[in-house]
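Beneath this line is the structure, given in structure tokens, with notes to follow.
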Amino acid sequence: MATPGQWLQGARPRTLPAAVAPVLAGTGVATYDDELVGWKALLALVVSLALQVAVNYANDYSDGIRGTDDERVGPLRLVGSGLATPGAVKRAAFLAFGVAGAAGLVLAATTAWWLVAVGLLCVVAAWYYTGGSKPYGYLGLGEVMVFVFFGLVAVVGTTYVQTEEWGDSGWTALVAGAGVGALACAILVANNLRDIPTDTVAGKITLAVRLGDRRTRVFYALLVALALAALVGVAVLATPWALLGLPFLALAVPATRTVLAGAAGPGLIPVLQQTGLAELVWALGCAVGLVAG
């Protein structure tokens, strides 16, 4: 039976920067537009955090019952390790989905009811990443989901629930979402690069498996470059103060060097940590810059 600490490990708290970053960036854009609504920003954070936890448990459950996690290099998985039953992990995933849904309903009721449809789409995308009979994460489409939902949708949505309009802030949020999404994608790319050998055996055809080792490493570097370009884009669209996010390179550049140098297996675990922190620093610096601007 899994202990509370192991359940926390199963939620993979080190991936939480990917949940916090889009809310920071989106709120920064709203603040620059003089439309900060603190309680809505907090609810958006609850939605993002709960969805991230739900995705992690859903992946743990779905990969576990398929046997994908039987031979694993990365973080603890509850089902694959036998520490928790599939049913218990599935219930934990749906509990987290419920928390996200409840917070999302409040935001929709106070902003626009069509946001309910967006929320449902997020939940469906999160579950069928590795769930269902034909999970799209097994078809090389996981990075698309992460870029769209934990990048574009999360940042633009956080901004919109506070400003309640598109305007110039919408375009700024979209570019910021591309930057956050690029680094969120880079986390997944590094994870899947590490797992190419075991995923290939398990029949999990991720984008990394499709691209192969060398091209996956180049793709990681391109995602870091896209994050840099997006930060410059926010500076052009809004304020040069957004470049306060540039210190993310102090983490992203060493991680990129490690990836391009050919690190494999456990050697890529520090890259996951560095990339997650880089995303957080990107968003925090950009947000502080937008507020200062």
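What single numbered condition from (1) part of a helix (DSSP H, G or I); (2) in contact (Cβ under 8 Å) with a residue 24 or more places away in the chain; (3) surrounded by fewer than 17 Cβ atoms within 10 Å (Cβ to Cβ) fails to hold for Gly262?
Looking at each condition in turn, Gly262 falls short on (1).
For the subset of region 150-174 comprising residues that are closer than 25 Å to Ile205 by Cα and in contact (Cβ under 8 Å) with a residue 60 or more places away in the chain, which member is farthest from the chain's Cα centre (by Cα)? Before you say what the answer is, go through the steps one by one.
Of all residues in region 150-174, those closer than 25 Å to Ile205 by Cα come to 150-152.
Add one more test, that the residue is in contact (Cβ under 8 Å) with a residue 60 or more places away in the chain, and what stays is 150-151.
Details: Phe150: 4, Gly151: 7 Å.
Applying the filter and picking the extreme gives Gly151.
Quick check on my filter: what residues within region 86-117 are among the aromatic types (Phe, Trp, Tyr) and either assigned to a helix (DSSP H, G or I) or touching a Lys or Arg at 6+ places or on another chain (Cβ under 9 Å) (or both)? Please lay out each step first, then the result.
Just the residues of region 86-117 that are among the aromatic types (Phe, Trp, Tyr), to begin with: 94, 97, 113-114.
Correct list: Phe94, Phe97.
Of the conditions (1) buried (at least 22 other Cβ atoms within 10 Å of the Cβ); (2) of a type outside the set (A, V, I, L, M); (3) touching a Pro at 6+ places or on another chain (Cβ under 7 Å); (4) modelled with pLDDT under 90, Asp195 fails just one. Which one is it?
Here Asp195 meets the rest and fails (3).
What number goes with the only condition from (1) closer than 15 Å to Arg66 by Cβ; (2) within 20 Å of the chain's Cα centre (by Cα) that Lys134 does not pass?
(2)
Name the residue, out of Thr256, Thr200, Thr216, Thr206, that is surrounded by fewer than 20 Cβ atoms within 10 Å (Cβ to Cβ), more than 30 Å from Val37 (Cα to Cα) and in contact with a helix residue (DSSP H, G or I) (Cβ under 6 Å, 6 or more places away or on another chain). First the steps, then the outcome.
Details: Thr256 fails: surrounded by fewer than 20 Cβ atoms within 10 Å (Cβ to Cβ); Thr216 fails: surrounded by fewer than 20 Cβ atoms within 10 Å (Cβ to Cβ); Thr206 fails: surrounded by fewer than 20 Cβ atoms within 10 Å (Cβ to Cβ).
Going through Thr256, Thr200, Thr216, Thr206 in turn, just one is surrounded by fewer than 20 Cβ atoms within 10 Å (Cβ to Cβ), more than 30 Å from Val37 (Cα to Cα) and in contact with a helix residue (DSSP H, G or I) (Cβ under 6 Å, 6 or more places away or on another chain): Thr200.
Right, Leu211: more than 20 Å from Ala178 (Cβ to Cβ), in contact with a Phe, Trp or Tyr (Cβ under 7 Å, 6 or more places away or on another chain) and either modelled with pLDDT under 95 or basic (Lys, Arg) (or both) or not?
Considered against the rule, which asks whether it is more than 20 Å from Ala178 (Cβ to Cβ), in contact with a Phe, Trp or Tyr (Cβ under 7 Å, 6 or more places away or on another chain) and either modelled with pLDDT under 95 or basic (Lys, Arg) (or both), Leu211 comes out as yes.
Please tell me if Ala225 is hydrophobic (A, V, I, L, M, F, W, C), under 22 Å from Gly26 (Cβ atoms) and assigned to a helix (DSSP H, G or I). Full working, then the answer.
Working: hydrophobic (A, V, I, L, M, F, W, C): yes; under 22 Å from Gly26 (Cβ atoms): no; assigned to a helix (DSSP H, G or I): yes.
No; evaluated as a whole, the condition is false for this residue.
Return the total of residues in region 226-244 being in contact with a Cys (Cβ under 6 Å, 6 or more places away or on another chain) and farther than 25 Å from Thr256 by Cα.
Residues flagged as in contact with a Cys (Cβ under 6 Å, 6 or more places away or on another chain) and farther than 25 Å from Thr256 by Cα within region 226-244 amount to 0.
Quick test for you: out of Ala255, Ala278, Ala184, pick the one residue that is under 18 Å from Val20 (Cα atoms) and either among the basic types (Lys, Arg) or at pLDDT 95 or above (or both).
Values: Ala255 fails: under 18 Å from Val20 (Cα atoms); Ala184 fails: either among the basic types (Lys, Arg) or at pLDDT 95 or above (or both).
Within the list Ala255, Ala278, Ala184, the selection yields Ala278.
The values are calculated or read from the model by the stated rules, or taken from the named source; none is laboratory data. For clarity, every value in this text was computed on a predicted model and none was experimentally measured. Here Cβ is always computed from backbone atoms with ideal geometry, including for glycine, and neighbour counts include all displayed protein chains.
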